[in-house]
Amino acid sequence: MTELLTASGVSLSIGRAALLRHVDLSLNGGEMVAIVGPNGAGKSTLLRLLSADLHPTRGSIVLKGRNIEAWSSADLALQRAMLSQHVSVSFPFTVEEVIRMGAGNRPHAAVQQLIDDAIAEVGLDAFRHRELPTMSGGEQQRAHFARILVQLACGEAACGPGVLMLDEPTSSLDLRHQIALVETSKQRARNGTAVIAVLHDLNLAIRFADRIIVMCDGAVAAEGTPRETITSDILRRVFHIDVPVANSEHGIPYLLPQAMRAARDPPFPMVD
Ligand code: ADP
Ligand code: MG
């Protein structure tokens, strides 16, 4: 596997707040990495540093052998495509127009096939001419994912395998579209892309990630295969929950969250 991105001793402080503390990580082409962790653990901050949207106060990030600070923003756009956690489009752009933004200023005819493929891949054919602000949160999220797929495809056509960065890409999606999005990302990884995705659904992360990075309080609490990282001990220490990790008949671990309230608590009031 080719190492595409490496972060060494990366920290970020803003004022007196330490958002990230000495994070080391490497991303290889061909693998899908999930970042998990509680709210406020520093997951988005880490992705924003890896995409050069933010700059570390300590440590360095190297993309394809070159310090990330040395890349121009135009060249960076060819090497990595990032779907941010919060994207909003207030102008009445249509789905197709938003997805076309992923292709920058390339001639329309040259990228039309890529755009059509991305629209089909996220299942938005019927929405192609709909204005984005009129669509549901999940439909908008799929349109933005398609935009990022187009950006990735344009970059990879010019420069070879790049990095696909996704910050909670499934947060508004129904189960079917969650699985579809993660499968699409996994398929990109099989073609040589390095995929890194923040996911809250630990079962989804276990099922699809080759490697999981567990973050807590701005640092990496655990890193390894799903089996190594999603353990009852980590769930207790990092997420402060008591959830047993079971094994499916195929040997895949899974969690079945149970009610947090202890059995002795009074039942909910019944309405008659
Ligand atoms: P998450 O893991 O939920 O994505 P974030 O990376 O967004 O967490 O944020 C990590 C922590 O840093 C949070 O506690 C957040 O409140 C804090 N934070 C984010 N941006 C700033 C900022 N500009 N100044 C101070 N604290 C910040
Ligand atoms: Mg976040």
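The values are calculated or read from the model by the stated rules, or taken from the named source; none is laboratory data. Because the structure is a prediction, the values reported are computed rather than measured. Cβ coordinates were reconstructed from backbone atoms using ideal geometry, including for glycine residues, and neighbour counts include every protein chain displayed. Ligands, DNA and RNA are excluded from the accessible area calculation, which covers all protein heavy atoms including side chains. Shrake-Rupley method; radii C 1.70, N 1.55, O 1.52, S 1.80 Å.
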Report task. Report the net charge of residues surrounding Pro161, where surrounding means a beta-carbon distance below 12 angstrom and charges are Lys +1, Arg +1, Asp -1, Glu -1. Result -> +1
Query - For the chain, with +1 on Lys and Arg beta carbons and -1 on Asp and Glu, the positive-most of Val33, Pro253, Ile14 along the dipole - result: Ile14
Report task. Calculate the spin-label point distance for Asp210 paired with Glu228, positioning each point 7 Å from the Cα along the beta-carbon direction, and give it in nanometres. Result -> 1.4
Report task. Quick one: net charge around Gly218, please, counting Lys, Arg +1 and Asp, Glu -1 for every other residue with C-beta under 12 Å from its C-beta. Result -> +1
Query raised in the report: Of Ile212, Ala180, Met135, which is farthest along the charge dipole of the chain in the positive direction, counting Lys and Arg as +1 and Asp and Glu as -1 at C-beta?
Result: Ile212
**Report entry** Charge dipole of region 71-178 about the Cα centre (unit charges at C-beta), most positive-ward option of Ala153, Leu76, Val163
**Finding:** Leu76
**Report entry** For region 1-99, the Rg and Dmax computed from alpha carbons only, in angstrom
**Finding:** 15.1, 43
Report summary line: Expected field for His250, accessible surface area in Å² at 1.4 Å probe radius, rounded to 10, holds 150
Query raised in the report: So how strong a dipole does the chain carry about its Cα centre when Lys and Arg Cβ are +1 and Asp and Glu Cβ are -1, to the nearest 20 debye?
Result: 500
Report summary line: What one gets for region 89-178 as the Kirkwood radius, inverse of mean 1/r over different Cα pairs in Å, is 13.3
Requested in this report: Have a look at Met165, Met82, Met135 and tell me which one the Gaussian network model of the chain (Cα, springs below 10 Å) gives the largest fluctuation.
Outcome: Met135
Query raised in the report: How high is the relative contact order of region 3-262, in percent, counting Cα pairs under 8 Å that sit 6 or more residues apart?
Result: 26
Query raised in the report: What residue among Ser11, Ser73, Ser84 has the largest mean-square fluctuation in a Gaussian network model of the chain, using Cα springs under 10 Å?
Result: Ser73
Report task. Enumerate the amide H contacts of Asn28 below 5 Å, restricted to partners 5 or more residues apart or on another chain; note that Pro and chain-start residues carry no placed amide H. Result -> Leu4
Query raised in the report: If r is the Cβ-Cβ distance from Asn105 to Ile179 and R0 is 41 Å, what FRET efficiency results, to the nearest 0.05?
Result: 0.75
Requested in this report: Compute the convex hull volume of the Cα atoms of the chain, divide it by the residue count, and report the result per residue in Å³ as a whole number.
Outcome: 185
Query raised in the report: How far is helix 108-121 tilted, in degrees, relative to the longest principal axis of the Cα atoms in the chain, given as a value from 0 to 90 rounded to the nearest 10?
Result: 20
Requested in this report: Work out how much length His250 to Glu69 would gain on full extension: take 0.36 nm times their residue separation and subtract the Cα-Cα distance, in nm to one decimal.
Outcome: 60.7 nm
Report summary line: Summing -39500 (n - 2.57) over every DSSP H run of at least 4 residues in the chain and dividing by its residue count gives a helix-only mean residue ellipticity at 222 nm, to the nearest 500 deg cm²/dmol, of -10000 deg cm²/dmol
Query raised in the report: Antiparallel DSSP bridges in region 125-231: what percent, to the nearest 5?
Result: 50
Query raised in the report: Do any trypsin sites (Lys or Arg not before Pro) in region 1-43 lie in a loop, going by DSSP, with at most 15 other beta-carbon atoms within 10 Å of their beta carbon, and if so which?
Result: Arg16
Report task. Take the alpha-carbon centre of region 165-209, take the same for region 30-81, and report the distance between them in whole Å. Result -> 18
Query - Low-density loop positions, trypsin sites (Lys or Arg not before Pro), region 144-209 - DSSP coil, at most 13 other Cβ in 10 Å - result: none
Query raised in the report: Given the options Ala70, Ala81, Ala197, which has the most mean-square fluctuation in a GNM of the chain, springs set between C-alpha atoms less than 10 angstrom apart?
Result: Ala70
